[in-house]
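Take a look at the structure below.
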Ligand SMILES: [Mn+2]
């Protein structure tokens, strides 16, 4: 069985492919973790610091291969031609939009990271959590919660972080989180397309397809300076993929607020109607206030507005 995180993988998608591989191996299964795209700068920093190899990049598998989806379940975010494969497992913490041809195993919880869900699965099965696995789990949690600033954070995520650090022994977790976010923010030499696609997801909402990119950063300048080029990329993506709308949010981790880059007045209106604290900055930018989570805040509000 192949274990696969979503396209445009973030830290949780990568570390959970590695963690789930260890989990299933301990249960006696033969598994291979893979990834569908390049590592982002944060994940690169983490794997380098922990001296852990990334899952192999593989975007096509043999027809009929058994797969386990981690940190996603929607076909639009999964490996291309998903119908060619046999989905045996889904381990996730997102809203569900999945149709399958045959029965499967699903484990999903409303926790802040898929790493937190996997932690529970280890405990329930009495499996060993090594120092390396504990470190990977912590990184998944820190990344998805923005060091517990995101409203997706639950008491359980905080509690397991403390448990895990008894094994991982990070000396200063806040410092490590800061280093992670600084690494992720170091995108001065990225093209506009690389910025947009760094953390970009597509959703099917009724009969409409929309895409939402987020750029979580401690330095908004690198992306906001490229706004005009980002708008060009958004136009191309919308046209090429028949999208109803595409919005890219620059999430300021330090100020704890987000700015939406809007291609036209339609997007400005969607944001103004979706988020009560929205303030239009100029023709193409809306500050939506203290909104940090795509899954818990952005997608549900936008969905409600456009349905
Ligand atoms: Mn996640």
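The values are calculated or read from the model by the stated rules, or taken from the named source; none is laboratory data. All figures in this text were calculated on a predicted structure; none of them were measured in a lab. As a convention, Cβ positions derive from the backbone with ideal geometry for all residues, glycine included, and neighbour counts pool all protein chains shown.
The condition of being in a helix (DSSP H, G or I) and either more than 16 Å from the ligand (Cβ to nearest atom) or at pLDDT below 95 (or both) holds for only one of 232, 128, that being 232.
Screening the candidates 27, 57, 69 for the property of being free of Cβ contacts under 8 Å to residues at least 60 places away in the same chain and on the phi < 0 side of the Ramachandran plot yields one hit, 57.
Candidates are the residues of region 260-300 that are more than 25 Å from residue 239 (Cβ to Cβ) and in a helix (DSSP H, G or I); the one that is nearest to the chain's Cα centre (by Cα) is 295. Look at (1) within 12 Å of the ligand (Cβ to nearest atom); (2) farther than 20 Å from residue 26 by Cβ and you find that residue 116 fails only one, number (2).
Test residue 248 against the stated conditions and say whether it is buried (at least 17 other Cβ atoms within 10 Å of the Cβ) and part of a helix (DSSP H, G or I). Considered against the rule, which asks whether it is buried (at least 17 other Cβ atoms within 10 Å of the Cβ) and part of a helix (DSSP H, G or I), residue 248 comes out as no. Looking at 291, 253, 210, just one residue is more than 24 Å from residue 178 (Cα to Cα), surrounded by 14 or more Cβ atoms within 10 Å (Cβ to Cβ), at pLDDT 95 or above and not assigned by TED's automatic domain parsing to the domain that holds residue 38, and that residue is 210.
Here residue 204 fulfils each of the conditions (1) within 25 Å of residue 41 (Cβ to Cβ); (2) surrounded by fewer than 18 Cβ atoms within 10 Å (Cβ to Cβ); (3) within 21 Å of the chain's Cα centre (by Cα) apart from (1). Taken together, the residues in region 88-103 that are farther than 17 Å from residue 295 by Cα and either in contact with a strand residue (DSSP E or B) (Cβ under 6 Å, 6 or more places away or on another chain) or within 14 Å of the ligand (Cβ to nearest atom) (or both) amount to 4.
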